[in-house]
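A short worksheet on the structure shown next.
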Amino acid sequence: MRIAYHCEDVVGRRMAGPGIRAVELSRRLAARHRVTLVAEGAGELENEPFRTSRDLGAVLRDSDAFIAQGFGFPLPHLLRFGGRLLLDLYDPVQLEQLARMDPHPTAEEIVQVGYVRRRLQYLIRRADHVLCASRPQRAHWLGWMGACGRLSPRALAGDPEASRLLAVVPFGLPEAPPRKGDSPLRRAIEASPEDRIAFWSGGLWDWMDPALAVRAAAIARKRVPRLELALLAGQRPGNAAPPMRAAAQEARAAAGPGVHFVDAWVPYEDRGAWLLDADLAVSAHKPSLEAELAYRTRLLDCLWAGLPAACTAGDVLAMDGEREGWARAAPAGDAEALADAIVALCEPTANEKARSAAARAAGEHTWQRSADTVLALLAEPAPERPRIIDRQTPAIAAVFARKALKKLFR
């Protein structure tokens, strides 16, 4: 099968979640199909099993299937494309928008949220398969699909649970373990081997709460004097996401001794060495609907590196981490509770126990497992799309007219 894979975000040496997902899934899908990745920076990738292009229209003209994350391409491309559409909605973009807006949004923000909503409605109606990252996300998108008329009796006849129409394809982890480096994290913050390093490994997005992590680390430092908190605070690569500064500014204003902001975006292939250089990870988010549906890739990386995590509760991976023993979660906004989690994971026995739990859980989250789900979808015929006009249309129109007249003269 010939697959066009489009990603709005940049790919290459430095990339964020959407680009990482596109590259990793393309690598594994290319083992069975001819895959062409269309994304900014794709031409710089070397020795990949997939092809690259900058011309989505030309690639689609020669493709049987189109995998897209929903944004960054003109919709007329879909009007001309008759093949199968796999719509990857692993990132709940509208909830991220709402989470970073204040109660009095600008006219531009209102228009942008409306645009995202209308585009999603069109794409969901057009999609043959929708992909999401977790069971909570699946419930969310099922609501959208029902409202868009995508859950028809005909589509569900051979797929009563809609498992092919809406499939859970989590963000994954490389099958190979991370490689140690020359202590890049400790060198960046000038830490000694005796220091305990708590590492904030993802971006400082506005729906996250790095200021809470800063306050919690200050409290924890009273009990763990050699505790250092390092936060990656580099500029996100690409232009797919709007600039976000509020959370970062709040965190910098709250920072005191032992807090370090590393103004760099770590190359994707180097991130393992940074994670292995830390004693524990810290992640905190603000209360929002985004948190309920998030699939925190920064916590997923903790599994890959066998790194214990102190985090706020609410998202699915934080709940998994508590249940499986590799994370300690605190209520959102509670600096004292997050400090308790940090202190607990600094204790050597507890830290080692959490590392073992993370290593056990990592095998359930590989990229190959996620790719296998997509490959299984492609191996079978696509679910039938609802038809605008079919042989029942005259009968449906007659029933509608009869009911409308009955209500009119009631």
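Just so it is clear, none of the values below were taken in a lab; they were calculated from the coordinates. Treat the numbers as computed from the prediction; the structure is a model and nothing was measured. Using ideal geometry, Cβ is built from the backbone for each residue, glycine included, and neighbour counts are taken over all protein chains shown.
What's the exposure ranking of 15, 101, going from fewest to most Cβ atoms within 10 Å? Write out the running numbers ahead of the final one.
On the way: 15 24, 101 15.
With the sparsest Cβ surroundings first, the list reads 101, 15.
I'm spelling it out carefully: the read-out is P(r) over Cα pairs in 20 Å bins from 0, in percent, the candidates are (i) 25, 53, 19, 3, 0; (ii) 22, 55, 22, 1; (iii) 22, 36, 24, 14, 3, 0, and one was derived from this structure. Which label?
(i)
Enumerate the residues in segment 128-144 having an amide nitrogen under 19 Å from the point lying 7 Å beyond the Cα of residue 32 toward its Cβ.
Of the residues in segment 128-144, 128-132 have backbone N under 19 Å from the label point off residue 32.
Going by how many other Cβ atoms sit within 10 Å of their own, how do 183, 288, 192 line up, fewest first? Please list the in-between numbers first.
Working: 183 14, 288 17, 192 8.
So the ranking, lowest neighbour count to highest, is 192, 183, 288.
Roughly what % antiparallel, to the nearest 5, for the DSSP beta bridges in segment 184-364? If you can, show how the numbers build up before the last one.
Details: 1 of 19 bridges.
That works out to approximately 5 percent antiparallel.
Sum up the charges of everything whose Cβ sits under 14 Å from the Cβ of residue 209, counting Lys and Arg as +1 and Asp and Glu as -1, but leave residue 209 out. Please report the intermediate quantities before stating the final value.
Working: positive: 100, 215, 252, 286, 296, 298; negative: 206, 250, 290, 315, 334.
Local charge sum for residue 209: +1.
Would you work out the charge dipole size for segment 210-331 about its Cα centre, treating the Cβ of every Lys and Arg as +1 and the Cβ of every Asp and Glu as -1, and quote it to the nearest 20 debye?
Values: 14 positive and 14 negative charges, 110 e Å.
Using Cβ point charges on Lys, Arg, Asp and Glu, segment 210-331 gives about 520 debye.
Remind me, relative contact order of segment 184-364 in percent, using alpha carbon pairs under 8 angstrom and six or more residues apart? Walk me through the numbers before you get to the answer.
On the way: 353 pairs, mean separation 44.0, N = 181.
Once normalised by length, the contact order is 24 percent.
Once Lys and Arg get +1 and Asp and Glu get -1 on their Cβ, which of 1, 231, 35 lies farthest toward the positive end of the dipole of the chain?
1
Of 306, 78, 357, which is farthest along the charge dipole of the chain in the positive direction, counting Lys and Arg as +1 and Asp and Glu as -1 at C-beta?
78
Please compute the net charge surrounding residue 308, taking Lys and Arg as +1 and Asp and Glu as -1 over other residues with Cβ under 11 Å from its Cβ. Numbers along the way, then the final one.
On the way: positive: 328, 353, 355; negative: 279, 347, 352.
Within the 11 Å Cβ shell, the charges total 0.
List every residue whose amide H lies under 5 Å from the amide H of residue 330, counting only residues 5 or more places away in sequence or on a different chain, with H placed 1.01 Å from N in the peptide plane.
Under 5 Å from the amide H of residue 330: 311, 312, 313.
In debye, nearest 20, what is the charge dipole magnitude of segment 48-124 about its Cα centre with +1 on Lys and Arg Cβ and -1 on Asp and Glu Cβ, if you could check? Write out the running numbers ahead of the final one.
Working: 9 positive and 10 negative charges, 66 e Å.
Here the size comes out at about 320 debye.
Among 285, 19, 58, pick out the residue whose Cα is farthest towards the positive end of the charge dipole of the chain, where Lys and Arg carry +1 and Asp and Glu carry -1 on C-beta, about the Cα centre.
Positive-end residue among those listed: 58.
Let me check against my output: what whole-number percent is the relative contact order of segment 1-155, with C-alpha pairs under 8 Å and at least 6 apart?
Value for segment 1-155: 20 percent.
How big is the gap, in Å, between the Cα center of segment 113-156 and the Cα center of segment 1-56?
Cα centres, segment 113-156 to segment 1-56: 24 Å.
Between residue 373 and residue 101, what FRET efficiency comes out of the Förster formula 1/(1 + (r/R0)^6) with R0 = 45 Å and r the beta carbon distance, rounded to 0.05? Provide the component values of the computation, followed by the final result.
Values: r = 33 Å, r/R0 = 0.74.
The computed FRET efficiency comes out at 0.85.
Provide the per-residue ³J(HN,Hα) series for segment 354-368, in order, calculated from phi with Karplus coefficients 6.51, -1.76, 1.60 and θ = phi - 60°, each as a whole number of Hz, with x at glycine and proline positions.
5, 4, 5, 5, 5, 4, 5, 7, 4, x, 8, 10, 7, 4, 5
Starting from 0.36 nm per residue, how many nanometres of slack lie between residue 64 and residue 269 once their C-alpha separation is accounted for?
Values: separation 205, 0.36 × 205 = 73.80 nm, distance 3.14 nm.
So the extension gain works out to 70.7 nm.
With an 8 Å Cα cut-off and a minimum separation of 6 or more residues, compute the relative contact order for the chain in percent.
On the way: 739 pairs, mean separation 67.8, N = 410.
Relative contact order comes out at 17 percent.
Might you report the magnitude of the Cβ-based charge dipole of the chain about its Cα centre, with Lys and Arg at +1 and Asp and Glu at -1, to the nearest 20 debye? Write out the running numbers ahead of the final one.
Numbers: 55 positive and 50 negative charges, 388 e Å.
It works out to roughly 1860 debye.
Please report 297, 349 as a ranked list, fewest other C-beta atoms within 10 angstrom at the top and most at the bottom. Write down the numbers at each step before the final one.
On the way: 297 22, 349 7.
Going from least to most buried by this count: 349, 297.
So, in nm, how far is label residue 195 from label residue 154 when the simple model puts each one 7 Å beyond its Cα toward the Cβ?
Label-label distance for residue 195 and residue 154, simple model: 6.4 nm.
Just tell me which aspartates and glutamates come within less than 19 Å, Cα to Cα, of residue 353; anything on the same chain fewer than 8 places away is out.
Counting by Cα, and skipping residues close in sequence, residue 353 has these aspartates and glutamates nearby: 277, 279, 301, 320, 322, 324, 340, 364.
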